[in-house]
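These notes concern the structure reproduced below.
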Amino acid sequence: MTIAHINGLNEARFTELLGPVFEHSSWVAGRAWSKGPFRSLTHLHETMLRQVEEASPDEALALLRAHPDLATRLRVTALSAEEQQGAGLDALTPEEYDDFNAMNRAYTEKFGFPFILAVAGRTKEDVAEAMRLRIAGDPASERRRALAEIARITELRLGRIIGS
């Protein structure tokens, strides 16, 4: 798919196709559509990120909370499942699963949203180490970091959908 094809889509089809890029938050794509046409994949991504930046605090928090726990055994979106599988988070030992579950709970209790990390190119050990380090952070820094991770995740997802 090309950016020219994306620019030719009506709002409903644009949102249907690109809505899943931002986890359970198709409102991002819906708002970005009216800002087209897009010059490039980068321009589209920047426009989508701007919708998040301009969102209300409640909307931004809902976006953060829409992300699944890493290494969960609950059903996740196809995009999340593919990303977590690549990091080996779908093949944890029972002990590793218990450790991730405990860290996920502690992180969410502290910050009010799940731990978010772009796991592409990382191992389960990398992810666990990042969780251990970031759980010691402060809420404002972690919120910024989570949004930065969402930016990376969505950049990768868009790149898989649209050729540059």
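General remarks:
- Residues that are over 15 Å from the mean Cα position of the chain (by Cα) and surrounded by fewer than 19 Cβ atoms within 10 Å (Cβ to Cβ), drawn from region 131-160: Arg132, Leu133, Ile135, Ala136, Gly137, Asp138, Pro139, Ala140, Ser141
- Pairs with Cβ under 6 Å, 6+ apart, first in region 133-155 and of a type in the set (D, E, K, R), second buried (at least 16 other Cβ atoms within 10 Å of the Cβ): Glu142/Phe111; Glu149/Ile116; Glu149/Leu117; Glu149/Ala118; Arg152/Ala118; Glu155/His45
- Counting the residues of region 50-71 that are within 28 Å of Ala4 (Cβ to Cβ) and exposed (fewer than 14 other Cβ atoms within 10 Å of the Cβ) gives 2.
- Filtered by the rule that a residue be under 20 Å from Glu59 (Cα atoms) and either touching a strand residue (DSSP E or B) at 6+ places or on another chain (Cβ under 9 Å) or surrounded by 17 or more Cβ atoms within 10 Å (Cβ to Cβ) (or both), region 1-18 gives Thr15, Leu18.
- Residues that are touching a helix residue (DSSP H, G or I) at 6+ places or on another chain (Cβ under 7 Å) and not small (Gly, Ala, Ser) were ranked within region 28-43; the one that is nearest to Arg13 (Cα to Cα) is Trp33.
- All positions within region 25-34 that are surrounded by fewer than 18 Cβ atoms within 10 Å (Cβ to Cβ) and in contact with a Ser or Thr (Cβ under 7 Å, 6 or more places away or on another chain): Ser26, Gly30
- Every pair of residues 6+ apart whose Cβ atoms lie under 8 Å, when the first sits in region 21-49 and is within 21 Å of Thr2 (Cβ to Cβ) while the second is charged (D, E, K, R) and not in a helix (DSSP H, G or I): Thr47/Lys35
FYI, it's all coordinate maths here, none of it is from the lab. Quantities reported herein were computed from a predicted structural model and do not represent experimental measurements. When we count neighbours, we look across all protein chains shown, and the Cβ atoms used for this are built from the backbone with ideal geometry, even at glycine.
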